[in-house]
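Each value in this text was obtained by applying a stated rule to the coordinates, not by laboratory testing. Note that this is a predicted model, so its numbers are computed, not measured. Here the Cβ is made from the backbone with ideal geometry for all residues, glycine too, and neighbour counts use every protein chain on show.
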Amino acid sequence: MKRPRELLKCNQGIGFIFSLVLIGFLVYLELSPWVHREVRDGFTLGFFPVLAVVLLLIFSLILIVDPRRKETAEDLEAFALKPFLGGVLIVGATWLYFVVMRTVGFLIMTPIYLLFFIYFLGLRLWLACAVSAVVMTVVVYGAFTAIGIKLPPGILEGILPF
Amino acid sequence: MFQPEAILEAFRLFFTLEVFYWMAIGVVAGVGVGAIPGLSAATAIALMLPFTFTMQVAPALGLLIGLYKGSVFGGSISAISFATPGTSEAAATVYDGYKLMKKGQGRKAIEMALYSSVSADTASDLVTICVAPPLAMVALKFGPAERFWLVVLAFTLIGSLSGKHLAKGLISASLGIFLATIGSDPVSAVPRMTFGVWWLSGGIPFIPFMIGLFAMAAMLKEGIKLLRETEVVEKVKASIVDGLLKSGAGLTLKEYVRCWKEMLIGFSLGSFVGFLPGLGSTVGAFLSYGVAKQVSPEKKIGEGVLEGVAAAEAGNNATVGPTLIPLLAFGIPGSIAAAMIGAALMLQGATPSPRMFKLYPEIVYALFMILLVANVFNLGVGRIFGRFYARLGLLPKQLLVPLVFMMATIGSFAYRGNPYDVLLALIFGLMGYMMGVFEIPSAPIVISFLITPMMESNLRRALIISRGEWIQALFGSPLSIGLVVAMVILTFMALKMKAAEKIAGVQGETEKSSDQDGKPTGP
């Protein structure tokens, strides 16, 4: 007998969760006025989006009943919250890097971002991290400049020769 | 269809230093990317796509096709060197390649992989050049209803053939349809599915979508794996690579000729598989390998023989050219790489469709030339540097992941200078990672995202022509009915091929083997 947590990880569980979310989304769409607005060829604005959600729902329901419903995806079985949150942190930090980089400049922000990123992923030698971060930044900057793409100069505007 | 002026114009487009320069860069980088486990052709092409915007059409195609061909071969280098296929396409190469490596014949195995890849690739490119133009002529006769059914046929094949689980493949295809409906209604231009977010009213841009789904998701996967594991295998790998670099004799002409049957099997099956949307080069490699093993049991394929490497490598590289046939003839990409090449053509203002042969014949002919000449570059680069690329497998992931992530961020921004594109790429990166966790294949979502507008507009046009009569619109011509029948037959045939691949007992190992270090996954 599988525990509820394991049940949720198998295809049947995934299909069940997907179906619940999709039913909720379908109700939301049906309640949205724009979905029923008719355009000039007789179709409603929501016809194709609703069709896509219905298809998603049908295939999610199939996941609940098909012969492979008891199988669990290998990566899902090994899924752990802590490393995943590390991944979310990478995404969040990258967005933050991008926002600050646009103002401060690529050449200043990128080595800092790379330095912490490399360290975070497990290379625990600060000097090696710093040298790698600087080298990678300069190489990427050079490559982009060579193909005619200007990266945000930020506060170095007017100082940089390129 | 034959247009001498267009061919002359194509020669003018093709024979420039810039094209050769970018093609060489593409192949050099592609083989490198292929040799690094965790990076794939899709990642490399997605990363490079925004930069093609600043190039002329022929150099852009040279870069992307070079990357594609190079990376499909490059995957075999790490597969042979340390039983870790750089790409899933090369997983079938592990069986014999790694055993040859252990026998001290690593150099021979890599050269066999190179020669069989290039031979089958060149032959399948010739098939592409012969098949695509007549097919496009047929497609030109299609009306909206026929085009609609053609797209439905592609959906069915892509959805049902990608990945290991039918329902998950179809979920992926449906998700692609859903995402493609975000933006504006194609007939009335009224915003739909934007949830009040103004920057979504133009729809989801293809480049950040691809970069997120392939580059960022792949790096997130590697990054999360690094956070989970601390195992160090570099020392073991280093000694293997040193052994490889020193290992003796290369491939002889006699050995190459001896594998003609396996290469022929690889070329034939690979070309057919490449032509069918959704199957891809991994299936091409495994199918060729399985058939070659059955056809010649006396050659003991699977026990470390060159014939096994030849069948697998010919099978995967033979899909490269034919995967462009549906794109050029019908405007429907047959694989992720074809979808990205299609996107690059769109960025250049030459949207792939049957009319492409009429509107931009010079671009099509230049593409054909690039397809053929890129093989020569692949051969040269592989021959000179092949064994040294094995060292790339030692590149620490702690450096690779941040570098690719940073390039993906900059690439999504550089394309239009829109900061929300970066946000979208990051969101799709997370989504792509989660799809991987759930084992939902990513090929159907990309291809259906790209062809949904075509399906929608053709259905609506067909209904306008038939004045709202659905049956008349969809089944009003013998060609439409023929396409529905073809859809049933082709899906059945392709599912049978997939079943045959499973019977060969190798498919399940495809993805598994790409994650393993140091030990072969073969039978």
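Here are the numbers:
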read-out	value
Efficiency of FRET between A:VAL135 and A:ILE155 - r from beta-carbon atoms, R0 25 angstrom, step 0.05	0.70
Long pairs among A:LYS70/B:LYS221; B:LYS221/B:LYS496; A:LYS9/B:LYS168; B:LYS102/B:LYS164, criterion Cα-Cα beyond 23 Å	A:LYS70/B:LYS221; B:LYS221/B:LYS496; B:LYS102/B:LYS164
Kirkwood Rh, Cα atoms: Rg over Rh of the protein assembly as shown	0.95
Per-residue mean of C-beta atoms belonging to partner chains within 10 Å, peptide B:184-190	5
Ranking of A:CYS129, A:CYS10 by count of other Cβ atoms within 10 Å, fewest first	A:CYS10, A:CYS129
Angle between chain A longest axis and helix A:81-104 axis [Cα atoms, degrees, rounded to 10]	50
Size of electric dipole in the protein assembly as shown: Cβ of Lys, Arg +1 and of Asp, Glu -1, about Cα centre, debye, nearest 20	820
Where labels lie 7 Å past Cα in the beta-carbon direction, separation of B:TRP198 and B:TYR21 in nm	4.1
Unit charges at the beta carbon, dipole of chain A: most positive-side option, A:SER32, A:LEU125, A:GLY46	A:LEU125
Kirkwood Rh, angstrom, chain B [1 / mean 1/r, Cα pairs]	23.0
Per-residue Cβ neighbour rank within 10 angstrom, fewest leading, B:VAL309, B:VAL57	B:VAL57, B:VAL309
Residue of A:LYS70, A:LYS82, A:LYS150 that the Gaussian network model of chain A assigns the largest fluctuation, springs spanning Cα pairs under 10 Å	A:LYS150
Per residue convex hull volume, Cα atoms of chain A, in Å³	231
Helix axis angle, B:397-416 relative to chain B longest principal axis, alpha carbon, degrees	20
Residues B:SER281, B:SER76, B:SER477 arranged by fewest to most Cβ contacts within 10 Å	B:SER477, B:SER281, B:SER76
Hydrodynamic radius (Kirkwood) for region A:81-156, which is based on Cα pairs only, to one decimal in Å	13.2
Between 0 and 90°, nearest 10: helix B:41-52 axis offset from chain B longest Cα axis	60
Leading residue at positive end of dipole, the protein assembly as shown (Cβ point charges), from B:LEU100, B:PRO402, B:ALA218	B:LEU100
Charge dipole magnitude, Cβ of K and R +1, D and E -1 - region B:4-514, Cα centre, debye nearest 20	600
Label-point separation in nm, B:ARG258 to A:ILE112, each point 7 Å along Cα→Cβ	6.2
Charge dipole (region B:1-144, unit charges on Cβ, about Cα centre) - positive-most of B:ALA90, B:LEU64, B:SER40	B:ALA90
